[in-house]
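Structure, as structure tokens:
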2 protein chains.
Amino acid sequence: MLSDKLIKMIIEKRSPIVVGLDPRLENLPKEIVEKHFLEDGETFKAAAESIIEFNKGIIDAVYDLVPAVKPQIAFYEQYGLEGLRAYQETCVYAKSKGLIVVADIKRGDIGSTSKAYSIAHLGKTKIGNSYHSAFEADFATVNPYLGDDCMKEFMEEVMAYDKGLFILVKTSNETSGQIQDLQVDKEKVYEKVAEIVNTWNEKIYGEMGYSQIGAVVGATYPEELELLRKKMPKAIFLVPGYGAQGGGANDVLGAFNADGLGALVNSSRGIIFAFEKMGLHYQEAARKATLEMQTAINDALEKAGKKYWI
Amino acid sequence: MLSDKLIKMIIEKRSPIVVGLDPRLENLPKEIVEKHFLEDGETFKAAAESIIEFNKGIIDAVYDLVPAVKPQIAFYEQYGLEGLRAYQETCVYAKSKGLIVVADIKRGDIGSTSKAYSIAHLGKTKIGNSYHSAFEADFATVNPYLGDDCMKEFMEEVMAYDKGLFILVKTSNETSGQIQDLQVDKEKVYEKVAEIVNTWNEKIYGEMGYSQIGAVVGATYPEELELLRKKMPKAIFLVPGYGAQGGGANDVLGAFNADGLGALVNSSRGIIFAFEKMGLHYQEAARKATLEMQTAINDALEKAGKKYWI
């Protein structure tokens, strides 16, 4: 089962880390981009080829250190069809290296539309009498604003193909409180969403005690993280906001259960663009930044008595 | 300005209608799909070619009757890169026929990611020193769960390229109330979102008195529609839920202001798949269904004293 696989990989690699693959052409190493501009001009194709080469380089540099990668589809969509080809090839390459792929797509719609998204990213598309994969991911992030109609559809692919979801509960950005922190009776909106997560995550548990229906909870709100950890003990937390967005190792401690498990902390820019600050080759820098993040998180967990490794 | 253009087209065509282009391969006319299966097999390419032919046929049949079309990107995404090529070609073809394109993408993310989505669908992507359009739409639908960080980024493209947004306020689906109807003080969550819409829509008005920042409010909740109309007098409402989802002409009346303007009612399946029930050629059926919808809505508006045409 996917949730067991993820938890076991976290333990084996001693690394509750997911590397965010959010490529921005202007931040990619110049030598990569210039080579592809020379070949294909300033085109979407050159952008896509640059991203593919860069992402494969990052994956090669860190795949033995982390259980998962998380491409954020917006950064590919902005390069059109070619960009989405780069997204697709990145997912395929990551899987070929044994990594779990979290599609950060934040989709959410009425039932019939959510069904189409679910098929697109987690399931199989029916064409005549054949079935094909459009985009291949293991987990997808979903937005709860439209309620259970959305999750219900995604659950069909989750159950049929051993996939998972991370439902947005409390996001890492500055204005996340505008809707998510609204006070409803004695709770906040995000606590209501946590209840929805619990309802769905009961339906699919692994033997490691974690569900394939998890929650997105930002590292930038450590108190909420701790509260929500108690509310959703069996959900795996996908924790954005570490590094470039301001969260540190101590800020994410609350995302972990007493067993030291249950969280997957994301870093994107802090790892993939580490070369900008370190003055090293981008692969070397990404590896170094990943190792530093791993040490920082594991040290904090050990100090907090949440050692999860053997 | 886009909002003026839309309102003027509604008046000239006597048609506050947007045709939803939500292609499902299994519902397309058999003769189209079989022809492309014969050419390309049961492949994504055949699916895309079928969708492109069908959509162009629908657009040809209705472009003189309506101001806008609304492709729902999920139905294209499920056919992978080829499906997204069909989405792209559909947008381009609709624009070539003078139609306004509403990209139903329901995106919403942290600032830097929303920026990438905004560039992808409303703006221009920078590649080296050149600028390119990834996907070309006039309006995009956005999800407010992450708050203003998202709208702020989209607003840059709205202002720079004369584009518009429809922010999800109260959606048409059955479980929309789960989050949207939660009671906060004396208001519901969707009323809080309506306030957010008002804040943004003040920033860009046309001479016809309507803003380019509108709201999505479902036809399936007529009372909420009326309440929200009062709360957001200058917002154009994108109203899903007519027809296949259960809303009728009287249900959408509340979406219109006293001047008979301010709403754009969507029908997808009820128009594009009208041939299934009517036993006519799909183009003839789509045209007939659009005319029937136009008559039903205009009759209801006239009876309600909300005649907007001259």
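The values are calculated or read from the model by the stated rules, or taken from the named source; none is laboratory data. A quick note: this is a predicted structure, and the numbers were derived from the prediction, not measured. Neighbour counts are summed over all protein chains in view; Cβ atoms, including those assigned to glycine, are modelled from backbone coordinates with ideal geometry.
Could you list all residues from region A:114-136 that are more than 27 Å from A:V189 (Cα to Cα), within 20 Å of the chain's Cα centre (by Cα) and at the interface with another protein chain (Cβ under 7 Å from one of its Cβ atoms)?
Correct list: A:I119, A:A120, A:A134, A:F135.
When residues of region B:186-208 are filtered for being small (G, A, S) and modelled with pLDDT of 95 or more, how many remain?
Total satisfying the criteria: 1.
Starting from region A:56-75, keep only residues that are over 11 Å from A:T290 (Cα atoms) and modelled with pLDDT of 95 or more, then list their pairs with residues that are polar (S, T, N, Q) and buried (at least 24 other Cβ atoms within 10 Å of the Cβ) whose Cβ atoms are within a distance under 6 Å, requiring at least 6 positions of separation or different chains.
Within 6 Å, the pairs are A:K70/A:N266; A:Q72/B:T113; A:A74/B:T113.
Against the definition (of a type in the set (D, E), at the interface with another protein chain (Cβ under 10 Å from one of its Cβ atoms), buried (at least 24 other Cβ atoms within 10 Å of the Cβ) and farther than 27 Å from B:I7 by Cα), how does B:D109 come out, yes or no?
It is true that B:D109 is of a type in the set (D, E), at the interface with another protein chain (Cβ under 10 Å from one of its Cβ atoms), buried (at least 24 other Cβ atoms within 10 Å of the Cβ) and farther than 27 Å from B:I7 by Cα.
Within the bounds of region A:151-168, is there any residue that is closer than 17 Å to B:Y190 by Cα, among the hydrophobic types (A, V, I, L, M, F, W, C), part of a helix (DSSP H, G or I) and in contact with a Lys or Arg (Cβ under 9 Å, 6 or more places away or on another chain)?
Within region A:151-168, not a single residue is closer than 17 Å to B:Y190 by Cα, among the hydrophobic types (A, V, I, L, M, F, W, C), part of a helix (DSSP H, G or I) and in contact with a Lys or Arg (Cβ under 9 Å, 6 or more places away or on another chain).
Assess whether B:Y63 counts as being among the hydroxyl-bearing types (S, T, Y) and within 14 Å of chain A (Cβ to nearest Cβ). Before you say what the answer is, go through the steps one by one.
Details: among the hydroxyl-bearing types (S, T, Y): yes; within 14 Å of chain A (Cβ to nearest Cβ): no.
Answer is no for this residue.
Residue by residue, here is whether (1) of a type in the set (D, E); (2) touching a helix residue (DSSP H, G or I) at 6+ places or on another chain (Cβ under 8 Å); (3) under 23 Å from A:G57 (Cβ atoms) holds:
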| residue | (1), (2), (3) |
| --- | --- |
| A:E226 | yes, yes, no |
| A:N250 | no, yes, no |
| A:L261 | no, yes, no |
| A:I272 | no, yes, yes |
| A:F275 | no, yes, yes |
| A:A286 | no, yes, yes |
| A:N298 | no, no, no |
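Please verify whether region B:159-167 includes one or more residues that are more than 12 Å from chain A (Cβ to nearest Cβ), hydroxyl-bearing (S, T, Y) and surrounded by fewer than 23 Cβ atoms within 10 Å (Cβ to Cβ).
yes
Here are some conditions: (1) under 15 Å from A:F237 (Cβ atoms); (2) touching a strand residue (DSSP E or B) at 6+ places or on another chain (Cβ under 9 Å). A:G177 meets all but one. Which one does it not meet?
Only one criterion in (1) under 15 Å from A:F237 (Cβ atoms); (2) touching a strand residue (DSSP E or B) at 6+ places or on another chain (Cβ under 9 Å) is unmet by A:G177, namely (1).
How many residues are over 11 Å from A:R107 (Cα atoms) and out of contact with any Gly (no Cβ under 8 Å at 6 or more places or on another chain) when one looks only at region A:135-162?
Step one: filter region A:135-162 for residues over 11 Å from A:R107 (Cα atoms), giving A:135-139, A:147-149, A:152-153, A:155-162.
Filter once more, so that each one left must be out of contact with any Gly (no Cβ under 8 Å at 6 or more places or on another chain): A:136-137, A:148, A:155, A:159, A:162.
The total comes to 6.
Report, by residue number, each residue of region B:185-210 that is assigned to a strand (DSSP E or B) and either touching a Gly at 6+ places or on another chain (Cβ under 6 Å) or crowded, with 17+ Cβ neighbours inside 10 Å (or both).
Scanning region B:185-210 gives a single hit, B:K188.
Select from region A:37-55 the residues that are away from chain B (no Cβ under 14 Å) and more than 17 Å from the chain's Cα centre (by Cα) and write down the one among them that is nearest to B:A116 (Cα to Cα).
A:F54
Among all residue pairs at least 6 apart or on different chains, which show Cβ distances below 8 Å where the first residue, located in region B:137-149, is within 7 Å of chain A (Cβ to nearest Cβ) and under 18 Å from B:M159 (Cβ atoms) and the second is part of a loop (DSSP other than H, G, I, E, B) and of a type outside the set (A, V, I, L, M, F, W, C)?
B:D149/A:N173
Kindly provide the set of residues from region B:169-227 that are within 13 Å of another protein chain (Cβ to nearest Cβ), among the basic types (K, R) and touching a residue at least 24 places away in the same chain (Cβ under 8 Å), ordered by number.
Residue satisfying the conditions is B:K170 alone.
Please go through region A:72-106 and pick out each residue that is over 14 Å from A:A48 (Cα atoms), more than 7 Å from chain B (Cβ to nearest Cβ) and touching a Gly at 6+ places or on another chain (Cβ under 8 Å).
The answer is A:D104, and nothing else.
Within region B:41-77, can you find the residues that are over 14 Å from B:S268 (Cα atoms) and not in a helix (DSSP H, G or I)?
B:G41, B:E42, B:T43, B:Y63, B:D64, B:L65, B:P67
Restricting attention to region B:6-40, and to residues there that are of a type in the set (K, R) and in a helix (DSSP H, G or I), which single residue is farthest from B:F75 (Cα to Cα)?
Restricting to residues being of a type in the set (K, R) and in a helix (DSSP H, G or I), the top hit is B:K8.
Would you be able to say whether some residue in region A:22-29 is under 15 Å from the mean Cα position of the chain (by Cα) and closer than 28 Å to A:F166 by Cβ?
Looking for residues that are under 15 Å from the mean Cα position of the chain (by Cα) and closer than 28 Å to A:F166 by Cβ, one finds at least one in region A:22-29, hence yes.
Given B:L227, B:L238, which one is under 22 Å from A:G147 (Cβ atoms) and either among the β-branched types (V, I, T) or in a strand (DSSP E or B) (or both)?
From the options B:L227, B:L238, the qualifying one is B:L238.
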